[in-house]
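The values are calculated or read from the model by the stated rules, or taken from the named source; none is laboratory data. Quick caveat, the model's predicted, so the values are computed rather than measured. Cβ: placed from backbone, ideal geometry, glycine included. Neighbour counts: every protein chain shown. What goes into the accessible areas is simple: the full protein's heavy atoms, side chains included, and nothing from ligands, DNA or RNA. Shrake-Rupley method; radii C 1.70, N 1.55, O 1.52, S 1.80 Å.
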Amino acid sequence: MIRDSDPHMPDAAGAPGAGEPAYLAQLNEEQRRAVECLDGPVLMLAGAGTGKTRALTTRLAHILYTGRARPWEILAVTFTNKAAREMKQRIGGLIGEAVEGMQWLGTFHAICVKILRRHAELAGLKSDFTILDTDDQIRLMKQLIKARDIDEKRWPARQLAGLIDGWKNRALTPGQVGPEEAQEFAGGLGAKLYQEYQQRLKSLNAVDFGDLLLECLRLFQTHPDLLESYQLRFAYMLVDEYQDTNVAQYLWLRLLAQRHKNICCVGDDDQSIYGWRGAEVTNILRFEKDFPGARIIRLERNYRSTGHILAAASHLITHNESRLGKTLHTTDAPGEKVFLQGVWDGEEEARVIADEIEALQGKGHSLNEIAVLVRAGFQMREIEDRFIARGLDYRVIGGPRFYERMEIRDAIAYLQVTVNPDNDIKLERIINTPSRKIGAASLQTVSRYARAVDLPLMQAARQLVETDEIRGPARGSLRNLIADFDRWRALADTTPHTELAGLILDESGYTAMWQNDKSPAAPGRLENLKELLGAMGEFESLAEFLEHVALVMDTDSSADSDKINLMTMHAAKGLEFDSVFLPGWEEGVFPHQRALDETGRAGLEEERRLAYVCLTRAKKRARILHAANRRIHALWQTALPSRFINELPEEHIETESGELHRQTFGLSRFDAPDFATGSGGGPGFARARRNRTISAGYQAAAGGAKTDFTLGERVFHMKFGYGRIEEIDGAKLTIAFEKTGTKKVLDSFVERH
């Protein structure tokens, strides 16, 4: 995997033109224009795979080579320390000598720390101030919440931390938080707690990561002489990944650029996919307005993907309205078309992916050059299970494997202790998760006694709760926990294991713990727990499932061998692979329903940008899969193909039947399947006949039958509530629901009202 590689360009040592530096010979026409255009504001609009890193570092090297500025007069901002190190190394290679004195090349946070330490007293700090990590922030916020006698279970500190971080990303001080936003926490106390938190930080001579930008920005805004000194210092400014900047970063950059205006921002509005963590795509869209006379140089020659892949991705992204626009092209051969395949369900989807990967491996393809990109983490479980069953090595990039995730390990620990109360290791893991006020001292007392009398931890605790060895809340909590495990164990013989597992997670408070957690990771953890419960249904008993988990956890996890790359779509940005598999292209999964519900059209456009990013990760082949049925949160749902499939250009798409069937519920790969008998549609249909009944509405939709509902009619849906029918397509209804927005559903799932 090579980022921004360009196999068609000569190396830095290539022969230069007469009287010009060697590094210019390796650039195409657009890249060279971006490098040599040194005066005034420049926006380098660099499409996926167009060599933007090469252009950016060569521009910086050219500034130094031509003597336009000395190293300490250049501000170069990246988003990661790794990118900063690589940039410095590349620059040295281009100009033939080590680059010293580039003290202002780094991440936003690293540069702001440097400025803030130099002028700490102006910010009410000492120069040796501490930067708090997330755990320290949460601990401090818990103290403030407790001091105001706020119910921390209802208003958790993580929720407050998320709100404050969001406000700081938008450059809002406590006094600038509006009353409506303050209402989002503890009945309007959000802004006051933010103010108290900031005061407490100052008393501790500390800042958090959000403060590094915010305090630096405030220094520039309140001390014009200080701002002017840095404006004069930075003769040239270069900013990478400009589409990912938040409001605070944008304001900070705009202030510094006002003197010389020699600012070059590099980015791609079509790859802005981090809105959920504060990135503002509008920053790059209004560059010309912020810097009148700015030149926009489009890098449109793609050096990564073959023609069909590139054309499919480029056509898809044109459906976004909020974009500057560019047309990517390549001189490579068209290559394979993007392959679109419909399957019956997630299990068959995983089987199809594994089949094709095995076929590629048999032809000598490296697993390292194969990636499977999913929209949500819960999709990984079935794919991982299939890989393990087939003996296909894989790695999860950007996170642990499904069964190695914290919430899954916790849930399985509860199940294992229920089956085997003598499992001390698992009991220690969850004895105080969620918090039961069983502190380290109480646990140590139980452990010491257990060793002394040679008893398992559970039995030792059972004896100690009847004495005065453990006192206070810990004693009652421990007694209740033992009783809970006894009750769950007694239910094991009469309750289906899937129901028992859900009961354990609910009654233990573990599910509620994540429901009350307002961190960005919490929704994904809840999805994973529901996927775990769904996975258990494939096994006859709890013991059989736990045995499967033990075998899964025993697989080799070495990172150096040849392995398939499995990751979320967001984690794939900046990477590239020969072959990319894209499962789960269905409405509600991708585009993700939460993105549509929370931010409407803006959310839809960001999801479409995510689709564009994923397609352009593929160099030689891209495979899109969508299922007719999807088990989500342990419930079966009929799935509509993603609207993004409708937006793909037919001339660049291939299906097994040779024809692109739009909105056919994922049945394009089957020859006239018989829904009533389950025949003619591959193994998925036979399995479906055994496990579930196809609804009459689904049969009608697949067969093209018409509904007896009418436009404008008011209907009721069990999940989405009341709404009115806006469009009718056979048995598919487009309904504007009163509380959940517009959605497509089958008529068999609604009733007249």
Descending packing, highest mean Cβ count within 10 Å first, for 185-195, 435-445 is 185-195, 435-445
What ranking, highest mean first, results for peptides 321-332, 365-376, 514-525 when packing means the other Cβ atoms within 10 Å averaged over each residue? 365-376, 514-525, 321-332
Of the accessible area of region 262-384, computed with a 1.4 Å probe and all protein chains kept, carbon and sulfur make up a percent value of 47 percent
Across Lys192/Lys261; Lys153/Lys573; Lys82/Lys619; Lys437/Lys518, pairs whose alpha-carbon gap is larger than 27 Å: Lys192/Lys261; Lys153/Lys573
Cβ crowding within 10 Å averaged over residues, with 204-211, 292-299, 53-60 ranked highest first: 53-60, 204-211, 292-299
Counting every Cα pair in region 174-306, what percent are over 20 Å apart? 60 percent
For the chain, averaging the sequence separation of alpha carbon pairs under 8 Å that lie six or more residues apart and dividing by its residue count, the contact order in percent is 14 percent
Partner lysines for Lys744 [C-alpha distance under 26 Å; skip if fewer than 8 residues away on the same chain]: Lys530, Lys706, Lys719, Lys732
May I ask you to give the solvent-accessible area per residue for region 279-411, in square angstrom, as obtained with a 1.4 angstrom probe? 36 Å²
Rounded to the nearest Å, the spacing of the alpha-carbon centers of region 132-184 and region 270-333 is 36 Å
Computed [θ] at 222 nm, deg cm²/dmol, the chain (DSSP H ≥ 4; -39,500 (n - 2.57); rounded to nearest 500): -13000 deg cm²/dmol
Given Cβ charges of +1 for Lys and Arg and -1 for Asp and Glu, the option among Pro400, Leu60, Ala474 whose Cα lies farthest towards the positive end of the dipole of the chain is Leu60
Can you return the lysines within cross-link range of Lys88? Criterion is Cα-Cα under 16 Å, with same-chain partners fewer than 8 residues away left out. Lys52
Using the heavy atoms of the protein chains alone and a 1.4 angstrom probe, what is the accessible area of region 113-205 per residue in square angstrom? 54 Å²
Rg/Rh (Cα only; Kirkwood hydrodynamic radius) as it applies to the chain: 0.99
Counting only protein heavy atoms with a 1.4 Å probe and every protein chain in place, the carbon and sulfur fraction of the accessible surface of region 572-615 in whole percent equals 49 percent
Accessible heavy-atom area order of His119, His753, highest first, probe of 1.4 Å: His753, His119
Give the accessible area for Phe79 in Å² (nearest 10); use a 1.4 Å probe, count only protein heavy atoms, and leave out ligands, DNA and RNA. 70 Å²
Net dipole in debye of the chain [+1 Lys, Arg Cβ; -1 Asp, Glu Cβ; about Cα centre; nearest 20]: 1760 debye
Check the cysteines of the chain one by one and keep only those with no other cysteine Cβ under 4.7 Å from their own. Cys37, Cys264, Cys265, Cys614
Leaving out ligands and nucleic acids, and using a 1.4 Å probe, what accessible area per residue does region 455-596 come to in Å²? 42 Å²
Could you check how much of the accessible area of region 489-532 is carbon and sulfur, as a whole percent, using a 1.4 Å probe? 53 percent
